[in-house]
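J.: Can you keep this structure in mind? I'll have questions shortly.
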Amino acid sequence: MNEQIGNVILNYEFYDDTITYSDGPIEDELLAIVKENEVEKVLKQDSRWPILYHLSPARENLLEWLPIEKNANVLEIGAGCGALTGLMCKKANKVVAVELSKKRAQINAYRNKNQANLELVVGNLNDIRFKEKFDYITLIGVLEYAARFTKHDNPYEFFLKQIKELLKPNGKLIIAIENRLGLKYWAGAREDHTNELFDSLHNYPEDKKVRTFSKRELTDLISVAGFTENTFYYPYPDYKLPVYIYSDACKPDPGIYFEHTPNYDSERLVLFNEKKVFEGLVSSGLAEDFSNSFLVICRN
């Protein structure tokens, strides 16, 4: 069964309504906002984190700079409410966006209803059978949840191996994820997914089916999945609302760092001045290991 919203096709062939993934009632508000085309107006008046996270144009800073060929086809896994979908549609020839939640997929469709090169597939990636392979696959804020939706002894590795099979030769996988050892966590920010202090630093003592990785752990995981050519970038203050993106080749200016990384959705402790510590990490060659987030380009 399909649904059409504007130019966008929503494919429900693989949709399973027994699987729930939601931010709650706020998603009804988001749907109303995009239906009425009031995103700009709402962003000026409403500072709640879910509004900012899902609707802010600053989300596009993460990938706006990335060169993508005009004839490329893109698979966006975990497309959510479409924070990056519109950008991909502008850059590429075709975008297939996969989203587990029907409500989020509808928000995405209304938001991008004028995009004629977009198909939204609603369902769990593990259940979907594709008839094509892709030049680019994006995995933005998704890998950390693989254990929730992938039934396997090694869900993160298995998930990445499945994705690799969907890439064309020389295709690229784009991963964005928080760093388990991000500096903000040492300084008193709550873990982004569990909202617990020091949870990732303690390596997630309670199994909540969500986890992030250090740079070494992520490098090893990507390599085991079969990707041998990987380039790391470091979005600051994080991948969600990046202001700067630096790399191993282009080191950060210590002057860009905030004294305290914002915790948008909850209060945080302030245990030390992050800016001063970051200056020391840069001069010691350790800044990348303590970046709050990673952006990784993996070549097939």
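J.: Given a Förster distance of 25 Å, report the FRET efficiency between N126 and D46 from their Cβ-Cβ distance, rounded to the nearest 0.05.
T.: Working: r = 35 Å, r/R0 = 1.40.
Calculated transfer efficiency: 0.10.
J.: How far is it, in nm, from the label point at E60 to the one at A32 when both lie 7 Å from their Cα along the line to the Cβ?
T.: Reported label-point gap for E60 and A32 is 2.7 nm.
J.: Which peptide among 109-115, 66-72 comes first, and what is the full order, when sorted by highest mean count of other Cβ atoms within 10 Å? Don't skip to the end; give the middle numbers.
T.: Values: 109-115: 21.1, 66-72: 12.4.
Listed from highest to lowest mean packing, they are 109-115, 66-72.
J.: Let me ask another. Karplus couplings for the range 135-141 from phi (6.51 cos²θ - 1.76 cosθ + 1.60, θ = phi - 60°), rounded to Hz, Gly and Pro as x?
T.: With coefficients 6.51, -1.76 and 1.60, one gets 6, 9, 10, 10, 9, 9, x Hz.
J.: Once every DSSP H run of n ≥ 4 in the chain is given -39500 (n - 2.57) and the sum is divided by its residues, what mean residue ellipticity at 222 nm do you get, rounded to the nearest 500 deg cm²/dmol?
T.: Working: 10 runs with 79 residues, N = 300.
That calculation yields -7000 deg cm²/dmol at 222 nm.
J.: Continuing with the same structure: Is there a quick way to get the dipole size of the range 82-150? I mean about its Cα centre, with the Cβ of Lys and Arg at +1 and of Asp and Glu at -1; what is the value in debye to the nearest 20?
T.: Values: 12 positive and 6 negative charges, 47 e Å.
Dipole about the Cα centre, nearest 20: 220 debye.
J.: OK, next. With r as the distance between the Cβ atoms of T20 and L269 and R0 = 35 Å, compute the FRET efficiency 1/(1 + (r/R0)^6) and round to 0.05. Intermediate results must be reported in sequence, preceding the final value.
T.: Working: r = 32 Å, r/R0 = 0.92.
My answer for the efficiency is 0.65.
J.: While we're here: How high is the relative contact order of the chain? Use alpha-carbon pairs under 8 Å, at least six apart in sequence, and give a whole percent. Let's see the in-between values first.
T.: Working: 572 pairs, mean separation 56.7, N = 300.
Result for the chain is 19 percent.
J.: What distance in nm separates the simple spin-label points at R299 and E165, each placed 7 Å from Cα in the Cβ direction?
T.: 2.5 nm
J.: Report the one residue of I128, Y15, S56 whose Cα lies farthest in the direction of the positive end of the charge dipole of the range 1-145 (charges on C-beta: Lys and Arg +1, Asp and Glu -1; origin at the Cα centre).
T.: S56
J.: Would you mind computing, in nm to one decimal, how far apart the modelled labels at E13 and S247 are, each placed 7 Å from Cα along Cα→Cβ?
T.: It is 3.7 nm.
J.: If I take R0 = 35 Å and measure r between the Cβ atoms of E119 and S283 in this structure, what FRET efficiency does the formula 1/(1 + (r/R0)^6) give, to the nearest 0.05? Please list the in-between numbers first.
T.: On the way: r = 48 Å, r/R0 = 1.38.
With a Förster radius of 35 Å, E is 0.10.
J.: Same structure, new question: With both partners inside the chain, how many of the DSSP beta bridges are antiparallel, as a percent to the nearest 5?
T.: Values: 21 of 45 bridges.
Of the beta bridges lying entirely in the chain, close to 45 percent run antiparallel.
J.: Given springs between every Cα pair under 10 Å in a Gaussian network model of the chain, which of E267, E64, E206 has the largest fluctuation?
T.: Residue with maximal mean-square fluctuation among E267, E64, E206: E206.
J.: With charges set only on the Cβ (+1 for Lys and Arg, -1 for Asp and Glu), what does the dipole of the chain come to about its Cα centre, in debye to the nearest 20? Let's see the in-between values first.
T.: Details: 37 positive and 45 negative charges, 142 e Å.
Around 680 debye, computed over the chain.
J.: Show me 130-139, 231-240 ranked by packing, highest mean number of other Cβ atoms within 10 Å first.
T.: Values: 130-139: 18.5, 231-240: 21.7.
Going from most to least packed, we get 231-240, 130-139.
Every number in this text was worked out from the coordinates using simple rules, so none of it is lab data. Everything quoted here is computed from the prediction, not taken from an experiment. A quick note on method: Cβ atoms are made from the backbone with ideal geometry, for glycine too, and the neighbour counts reach across all protein chains shown.
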